[in-house]
Every structure is written in C-alpha cells, then in structure tokens.
Amino acid sequence: MTLKIISAEKVEYTGEVEAVTMPGVLGSFTVLDHHAAMISALAAGRLMYGAANGEKQSRDIKGGIADINNNVVSVCIY
C-alpha cells in the first residue's frame, strides 16, 4: 500500500509500505494492505511504518488525521 505523510509545509514521505501504526485518539491502531476505508483523528504519539524493503521507520507527531482509502494511507500531521 502507499503511505503519504503530509505536513502544512510539504509532503514529508511518499512510498510503499507493508504496515502503518498510528496513535489514534482512542488508542494505537495498525493498517495493513487492503484495509477497509476509514478516517481517524490522531493524537500525539509515534507514527511507525515498515517500508516494502523491510526498513522500519518512525517519527513523533503532535496529532493529525488519517484517511485510508483504496490501499492509500494519507496522514496529515502537525
């Protein structure tokens, strides 16, 4: 699936990933390939993702919103 991490200033990351774990306002959740469409508010915490090449990356976020649709995960962060 494709992950897009977008801030107010720029697109910070676009790439193929195997999984994305996000800090939802009701708790962390993980998105895998072909996840059902959904929108979720994000809380402050750690956004973690595993690139298709096996490399794992993470970053701290202050909050945001995630949109999952058609195997694309768009995460708008602040």
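The values are calculated or read from the model by the stated rules, or taken from the named source; none is laboratory data. Please read these numbers as outputs of a predicted model, since none were measured by experiment. All Cβ positions, glycine included, derive from the backbone under ideal geometry; neighbour counts span all protein chains shown. Note: areas computed on protein heavy atoms with side chains; ligands, DNA, RNA excluded. Shrake-Rupley method; radii C 1.70, N 1.55, O 1.52, S 1.80 Å.
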Reported set for the range 18-34 where residues are under 12 Å from the mean Cα position of the chain (by Cα) and open to solvent by 60 Å² or more (accessible area, probe 1.4 Å) is Glu18, Ser28, Thr30, Leu32
So in the range 53-70, with the set limited to residues that are at positive phi and open to solvent by 40 Å² or more (accessible area, probe 1.4 Å), which one is modelled with the lowest pLDDT? Gly54
When you go through (1) small (Gly, Ala, Ser); (2) over 11 Å from the mean Cα position of the chain (by Cα); (3) at pLDDT below 95 one by one for Gly45, which number turns out not to apply? (3)
Could you list, in sequence order, the residues of the range 45-74 that are of a type in the set (Val, Ile, Thr) and closer than 20 Å to Asp33 by Cα? Ile65, Ile68, Val72, Val73
Taking Ala37, is it more than 10 Å from the chain's Cα centre (by Cα) and either modelled with pLDDT under 95 or surrounded by 11 or more Cβ atoms within 10 Å (Cβ to Cβ) (or both)? no
Thr14: free of Cβ contacts under 8 Å to residues at least 12 places away in the same chain and either surrounded by 14 or more Cβ atoms within 10 Å (Cβ to Cβ) or assigned to a strand (DSSP E or B) (or both), yes or no? no
